[in-house]
Every structure is written in C-alpha cells, then in structure tokens.
Amino acid sequence: MIIVDDVWKRYQTPHGPGKWVLKGVNFTIPTRMSVGLVGGNGAGKSTLLRLIAGVDQPTKGRIERRCRVSWPVGFSGGLQGALTGRQNVKFVSRVHGHEDDIAQRVAFVQDFAKLGDSFDQPVRTYSSGMKSRLKFGLSLAFDFDVYISDETTATGDASFKKKAAEAFKEMTDKASLIIVSHGEGKLRKFCRAGIFLHEGQAHWFDTIDEALQAYKDTQPA
C-alpha cells in the first residue's frame, strides 16, 4: 500500500519558488493494484512518479510506502559518475543488503545492459542512452513489490527496446506497476486503475478507462 497524504510540490527557480506543480494531492494505492498516471504535458506526472519512488521529496505533505517501491525504471539519476558501471551495481547491491550475491547482480546487469568494455569505465563517460541501459538493468536486478515506470526513460536501439519490453512484461507478472505512458494501449494492458492529474490536483478512478476519458474531456474539441 502507498499513501499520498496532502502532498504539495514546487521547485525553486533563480527568481524564487516556482508555481505549484501539485496542490494538496491525496490518494491511496492498494496492494497489488497497477495504476496509470494520465494528464497533459506539464501536469506533474513524472514529478509525482519521482515523489512516490522517493527520488524526490514533497515540499509539503507525506508519502508512506508500506511496500518495496522501485526507483523509476531506467531513471539515470543517482548513478555515481566517478564509479564504473560495475562499481555502481556493487554499490547499489550493498545499499539494498545484497552483500552475499553481489556477483549474481553484477552478472545480470552486465548481460542485460550490453555495455561491453564500457561497463568498466566511469559512468560520467557514458551517453544518456548507455546510462539508461545500465539503470534499466539495475532496476530489474532487484525484487520490488511496486515498479515505477516513465516511458520517457525508454531509450536505445530497436533490439534493446524489444528486450526491455519483454523484461517489462515479465516484471508485471510478479509485481504491480505505477506507470506514465502516452500509449492508451499500454495503459489498458497493464493498469487497472488510473489517476488523472489536472491543474495540480489528482483524481482517482477505479478503472483506467475512466481516467483516460476524464483526460479527454478536458481537451479542446
């Protein structure tokens, strides 16, 4: 279960606090419930994902996670640029308490990401696509109750995207999802419920179809 309680979010700008992206958002995501976030560009979907994942913090309010929640799949933030890909995997493994099977985690990520010799080069030398491949593999190397996915992180060539899609499907067989996608088909395939973000507010719907319709109703004719 994930509880979002009166969450407000805005970012600092060079001229002071920016406008509120989220304004007093409240909802509870039940256990084993896959949810799609829908809304227009700039509605705060990716912001809300990062808050739920814990890679960003609310300006006000709280988020309670009563389960193991992943970072956004493919999210390239959090990697240590001075460390190699291999060293980053070892570091994250230790943080998550996997001292006893680090070699297994490293082997999985190395095989999945297909970075070649770059796996043993500093991450600061990686392209954005290489970082995404490393982080995608790293996301799948650990078991979570809820996986967070923002399709804007999906990069790479056609073969890698196919491989990532297959891994994503396997992931959904064992855990629930909270995802952002502009593809209605993908949302309907993977999500049961929906959250429609509009003008800083979050509107919960028990079905993804209802959330998608609410979004369409706000669009110009």
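SER159: part of a helix (DSSP H, G or I), surrounded by 20 or more Cβ atoms within 10 Å (Cβ to Cβ) and of a type in the set (Gly, Ala, Ser), yes or no?
Answer is no for this residue.
Could you pull out the residue among PHE108, PHE144 that is at pLDDT 85 or above and under 30 Å from ASN41 (Cα atoms)?
The match here is PHE144.
Can GLY200 be described as farther than 26 Å from LYS114 by Cα and either basic (Lys, Arg) or without any contact (Cβ under 8 Å) to a residue 12 or more places away in the chain (or both)?
So GLY200 fails the test.
Looking at PHE91, PHE108, PHE136, can you tell me which residue is buried (at least 21 other Cβ atoms within 10 Å of the Cβ) and either within 18 Å of the chain's Cα centre (by Cα) or aromatic (Phe, Trp, Tyr) (or both)?
Selected residue: PHE136, the only one of PHE91, PHE108, PHE136 that is buried (at least 21 other Cβ atoms within 10 Å of the Cβ) and either within 18 Å of the chain's Cα centre (by Cα) or aromatic (Phe, Trp, Tyr) (or both).
Go through the residues of region 26-37 one by one and say whether even a single one is within 15 Å of the chain's Cα centre (by Cα), modelled with pLDDT under 95, part of a loop (DSSP other than H, G, I, E, B) and within 26 Å of LEU212 (Cα to Cα).
Within region 26-37, one or more residues are within 15 Å of the chain's Cα centre (by Cα), modelled with pLDDT under 95, part of a loop (DSSP other than H, G, I, E, B) and within 26 Å of LEU212 (Cα to Cα).
If you take the residues of region 81-111 that are touching a residue at least 24 places away in the same chain (Cβ under 8 Å) and among the aliphatic types (A, V, I, L, M), which of them is farthest from LYS161 (Cα to Cα)?
Per the stated criteria, the residue is ALA82.
Look through TRP71, TRP8, TRP20 and report the one residue that is closer than 30 Å to ALA103 by Cβ, touching a residue at least 12 places away in the same chain (Cβ under 8 Å) and either more than 18 Å from the chain's Cα centre (by Cα) or buried (at least 17 other Cβ atoms within 10 Å of the Cβ) (or both).
Answer to the selection: TRP71.
Output the number of residues of region 12-25 satisfying the condition of being assigned to a loop (DSSP other than H, G, I, E, B) and either of a type in the set (D, E, K, R) or at pLDDT 95 or above (or both).
3
For region 39-62, give me each residue that is hydrophobic (A, V, I, L, M, F, W, C), touching a residue at least 60 places away in the same chain (Cβ under 8 Å) and in a helix (DSSP H, G or I).
Hits for region 39-62 are LEU48, LEU49, ILE52, ALA53.
Find all pairs meeting these conditions: Cβ atoms under 6 angstrom apart; at least six residues apart or on different chains; first residue within region 169-187 and over 16 Å from CYS67 (Cα atoms); second residue of a type in the set (Asp, Glu) and assigned to a strand (DSSP E or B).
Partner pairs satisfying both residue conditions: VAL180/ASP150.
Just need a number here: residues in region 112-150 that are touching a residue at least 24 places away in the same chain (Cβ under 8 Å), closer than 16 Å to LYS163 by Cβ and in a helix (DSSP H, G or I).
Selection size over region 112-150: 12.
Among the residues of region 170-212, which ones are over 28 Å from PRO58 (Cβ atoms) and under 15 Å from the mean Cα position of the chain (by Cα)?
Within region 170-212, no residue meets the criteria.
Kindly evaluate SER132 against the criterion of being in contact with a helix residue (DSSP H, G or I) (Cβ under 8 Å, 6 or more places away or on another chain), under 19 Å from VAL55 (Cα atoms) and not hydrophobic (A, V, I, L, M, F, W, C).
It is true that SER132 is in contact with a helix residue (DSSP H, G or I) (Cβ under 8 Å, 6 or more places away or on another chain), under 19 Å from VAL55 (Cα atoms) and not hydrophobic (A, V, I, L, M, F, W, C).
The values are calculated or read from the model by the stated rules, or taken from the named source; none is laboratory data. Everything quoted here is computed from the prediction, not taken from an experiment. Note that each Cβ is placed from the backbone with ideal geometry, even for glycine, and that neighbours are counted across all protein chains shown.
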